[in-house]
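Chemist: Can you read through this structure? Questions will come right after.
The values are calculated or read from the model by the stated rules, or taken from the named source; none is laboratory data. Remember, it's a predicted structure, so these values are computed and weren't measured experimentally. As a convention, Cβ positions derive from the backbone with ideal geometry for all residues, glycine included, and neighbour counts pool all protein chains shown. These accessible areas exclude ligands, DNA and RNA; they are computed on the full protein's heavy atoms, side chains included. Shrake-Rupley method; radii C 1.70, N 1.55, O 1.52, S 1.80 Å.
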Amino acid sequence: MDDLRHRFHQLLTAQRTGALGTTSDQGWPYVSMAPYGIDPAHECLVIHVSELGAHTRYLLKRPQASFMICASETPGEPVHALPRITFQVEARPLERGSETWQSARAAYLERFPDVGFMIEFKDFHLFHLYIVRVRQVSGFGAAKTLHVADARRWLGEPPLS
């Protein structure tokens with residue numbers, strides 16, 4: 001279990017963006033890139049997205065989403081074994097100024113300190129992405145559906161050394 005946890009943290013620490021999958025108004029999958037933070041106090045991921053993006057409007061209407069974090073390619077190496085984690089999530093918009101919003105804001109800015117000015121833009125929203133299901137692929141033949149409780153707990157814990 002420690003190896004899974006270590007690989008989980010290793011990937012989430014190394015990558016700062018993920019693929020956010022939402023559902024369009026026409027019922028089609030819509031995938032976009034989103035930077036993310038980790039809110040350990042609430043054991044979830046945090047995204048900060050603008051209403052100018054279709055994905056934000058879709059999340060506000062349909063909070064069921066998917067978020068995939070994938071290791072970067074290495075030239076000359078096979079891509080089919082890239083480590084990745086796919087989260088099925090419930091996206092919850094946070095009320096500006098609330099205690100939960102403050103926690104998410106701090107977690108996001110810890111990872112992206114250069115975007116502090118954007119947090120105040122009224123058309124931007126902080127969302128908590130609460131894990132409903134999670135699948136981790138660590139390489140060829142190394143895929144596992146994780147227990148949600150474990151993944152949430154790992155988001156609340158510091159990485160293993």
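Chemist: Ordering Thr100, Thr13, Thr22 from largest to smallest accessible area (1.4 angstrom probe), what's the sequence?
Modeler: Descending accessible area places them as Thr13, Thr100, Thr22.
Chemist: In the chain, what is the volume of the convex hull around the alpha carbon atoms, normalised per residue and reported in Å³?
Modeler: 128
Chemist: Then there's this: May I ask for the distance between the Cα centers of segment 86-161 and segment 1-68, given as a whole number of Å?
Modeler: One Cα centre to the other: 7 Å.
Chemist: What accessible area per residue, rounded to a whole number of Å², is obtained for segment 1-142 using a probe radius of 1.4 Å?
Modeler: With all protein chains present, segment 1-142 gives 54 Å² per residue.
Chemist: Share of the chain's accessible area from carbon and sulfur, percent, 1.4 Å?
Modeler: 55
Chemist: For the chain, what is the mean residue ellipticity at 222 nm derived from helices alone (per DSSP H run of n ≥ 4: -39500 (n - 2.57); sum divided by total residues; nearest 500 deg cm²/dmol)?
Modeler: -8500 deg cm²/dmol
Chemist: Please give the net charge around Arg135, taking every other residue with its beta carbon less than 10 angstrom from that of Arg135, where Lys and Arg add +1 and Asp and Glu add -1.
Modeler: Once positives and negatives cancel, what remains is +3.
Chemist: Please list Tyr36, Tyr130 in order of solvent-accessible area, largest first, computed with a 1.4 Å probe with all protein chains present.
Modeler: Final ranking, largest accessible area leading: Tyr130, Tyr36.
Chemist: Now for a different question. Once amide H atoms are placed 1.01 Å from N in the peptide plane, what residues at a sequence separation of 5 or more from Leu146, or on another chain, have their amide H within under 5 Å of its amide H?
Modeler: Val134, Arg135, Gln136
Chemist: For segment 49-134, what value does the Rg/Rh ratio take when both radii are computed over Cα atoms and Rh is the Kirkwood radius, given to two decimals?
Modeler: Value, to two decimals: 1.04.
Chemist: Also: What ranking, highest mean first, results for peptides 72-80, 147-155 when packing means the other Cβ atoms within 10 Å averaged over each residue?
Modeler: My ranking of the peptides, most packed first, is 147-155, 72-80.
Chemist: So, counting K/R as plus one and D/E as minus one, what does the shell of residues with Cβ under 15 Å around Thr56 add up to?
Modeler: +3
Chemist: Hey, got a sec? Which trypsin sites (Lys or Arg not before Pro) in segment 48-124 land in a DSSP loop and have at most 11 other Cβ atoms within 10 Å?
Modeler: Lys122
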